[in-house]
Amino acid sequence: MFRKSFWIGLTVAIMCGALVVASADDKPKKKKYDSGPPTLSLSATPLEIRSCEGDGAHVNLVANATTSSTLPLRYKWTVNEGRVTGTGANTTWDLAGVQPGVYYAVVEVDDGSNLNCVAFSSVAVMVTPCPPPQPEPPSCPTVTVTCPDSVTENAPVTFSASLSGGTPSIKPIYRWTVSAGRIVSGQGTESISVDTAGLAGQTIRATLDVGGYGESCPASCSVSIPIEIKPRKFDEYYDIARNDEKARLDNYAIQLQSEPGTQGYIIVYPSRKAKADEAQARATRISDYLINSRGIDASRFNITMGAARDGWMFELWIVPQGAQPPVPQR
């Protein structure tokens with residue numbers, strides 16, 4: 001084994017001797033061998049590798065040697081760690097699995113003349129430690145926001161979120177925003193409730209941004225609040241004089257005629273003191289007047305009986321097409 005401190009960066013040549021063949025009369029004849037030492041340079045590529053490169057931790061060693069001798073050069077490689085593959089001028093130095101540090105390769109070159117015609121050279125290669133592995137950056141989960149299938153005005157609407165995938169060790173942060181209405185509960189959780197008062201005909205978009213992952217992880221869902229078609233009470237009156245009742249019915253008939261496609265609903269609440277057939281008689285009187293005096297087709301209105309009360313009451317309703325008819329009060 002060689003001394004590392006001695007060979008670092010040095011090229012050393014040991015001079016050759018001269019071989020002379022003498023004759024029987026001791027007179028020198030022609031020299032059989034007389035040459036100088038090889039000229040040698042050594043290079044390594046790369047000069048620095050990382051210990052974590054595994055099978056890629058190889059260094060190419062190139063010995064560039066020349067000599068005036070006609071004999072072939074011989075190469076002998078020595079390393080203090082790892083393994084050299086090849087015996088010629090070009091070899092591969094395998095440093096796989098070697099710990100960080102500085103390591104040396106030495107080449108010895110001779111021409112095989114056995115006359116101590118040798119040159120040496122060395123090169124140093126540094127094996128550096130690998131940087132610690134970087135943690136994987138957090139990844140967003142798949143965020144899904146769901147809306148209800150149907151909603152009605154003035155009834156709270158609920159939006160819910162579900163998460164799948166993403167970095168499991170992160171606790172998600174829920175941040176909700178809505179395009180209309182007001183979040184009444186659930187902010188900061190996976191489900192919110194939104195007030196829809198006064199939002200008929202509008203669309204509510206609920207957007208969720210799930211935080212904690214180092215980037216925006218959004219999702220949204222929209223729901224439209226339908227315009228609810230409702231019946232409207234046109235008039236109501238009590239046990240009034242007959243002519244006053246006719247005046248009320250005149251106005252009602254005019255309104256029905258001005259709104260083709262609507263339906264009239266009349267609810268009669270009889271007095272508890274009324275006779276058994278008196279409520280039906282009042283209903284017939286109203287129907288006859290609308291048909292015979294005001295020209296309203298019988299199919300345009302309905303008369304319904306409500307629960308008996310302390311006194312007579314009559315409700316006149318206009319019901320647009322598609323609206324639910326009014327329900328008599330108890």
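The values are calculated or read from the model by the stated rules, or taken from the named source; none is laboratory data. If you're wondering where the values come from, they're calculated on a predicted model, not measured in any experiment. In this analysis, Cβ positions are derived from the backbone assuming ideal geometry, glycine residues included, and neighbour counts consider all displayed protein chains.
Here's the yes/no breakdown for (1) more than 30 Å from residue 211 (Cα to Cα); (2) among the acidic types (Asp, Glu); (3) touching a His at 6+ places or on another chain (Cβ under 7 Å); (4) assigned to a strand (DSSP E or B):
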| residue | (1), (2), (3), (4) |
| --- | --- |
| 68 | yes, no, no, no |
| 76 | yes, no, no, yes |
| 92 | yes, no, yes, yes |
| 97 | yes, no, no, no |
| 107 | yes, no, no, yes |
| 125 | yes, no, no, yes |
| 137 | no, no, no, no |
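Strands (runs of 3 or more DSSP E) fully within segment 161-277 that include at least 1 residues being among the basic types (Lys, Arg) and more than 42 Å from the chain's Cα centre (by Cα): 232-238.
Quick one: would you say residue 112 is part of a loop (DSSP other than H, G, I, E, B), within 30 Å of residue 80 (Cβ to Cβ), in the same structural domain as residue 51 (by TED's automatic domain parsing) and touching a Leu at 6+ places or on another chain (Cβ under 6 Å)? Taking the combined requirement at face value, the residue satisfies it. Of all residues in segment 199-210, those satisfying the criterion of being among the small types (Gly, Ala, Ser) and either in contact with a His (Cβ under 9 Å, 6 or more places away or on another chain) or modelled with pLDDT under 95 (or both) are 200, 201. If the condition is being among the small types (Gly, Ala, Ser) and either crowded, with 20+ Cβ neighbours inside 10 Å or in contact with a strand residue (DSSP E or B) (Cβ under 8 Å, 6 or more places away or on another chain) (or both), then segment 61-110 contributes 63, 65, 69, 82, 86, 88, 89, 96, 101, 105. If you check residue 328 against the conditions, is it in contact with a Ser or Thr (Cβ under 7 Å, 6 or more places away or on another chain), under 23 Å from residue 230 (Cα atoms) and part of a loop (DSSP other than H, G, I, E, B)? It is true that residue 328 is in contact with a Ser or Thr (Cβ under 7 Å, 6 or more places away or on another chain), under 23 Å from residue 230 (Cα atoms) and part of a loop (DSSP other than H, G, I, E, B).
Yes or no, residue by residue, for (1) buried (at least 16 other Cβ atoms within 10 Å of the Cβ); (2) part of a strand (DSSP E or B); (3) touching a Gly at 6+ places or on another chain (Cβ under 8 Å); (4) not small (Gly, Ala, Ser):
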| position | (1), (2), (3), (4) |
| --- | --- |
| 132 | no, no, no, yes |
| 140 | yes, no, yes, yes |
| 150 | no, no, no, no |
| 159 | yes, yes, no, yes |
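Condition first: among the charged types (D, E, K, R) and within 19 Å of residue 151 (Cβ to Cβ). Now tell me which residues in segment 168-202 satisfy that. Of everything in segment 168-202, those that are among the charged types (D, E, K, R) and within 19 Å of residue 151 (Cβ to Cβ) turn out to be 182, 195.
For segment 178-201, the criterion of being under 30 Å from residue 74 (Cβ atoms) and surrounded by fewer than 15 Cβ atoms within 10 Å (Cβ to Cβ) is met by none of the residues.
Residue 45 satisfies every condition listed in (1) under 60 Å from the mean Cα position of the chain (by Cα); (2) at pLDDT below 85 except (2). Against the condition at pLDDT 95 or above, closer than 14 Å to residue 317 by Cβ and not acidic (Asp, Glu), how does residue 266 come out, does it pass? Yes: the conditions hold for residue 266.
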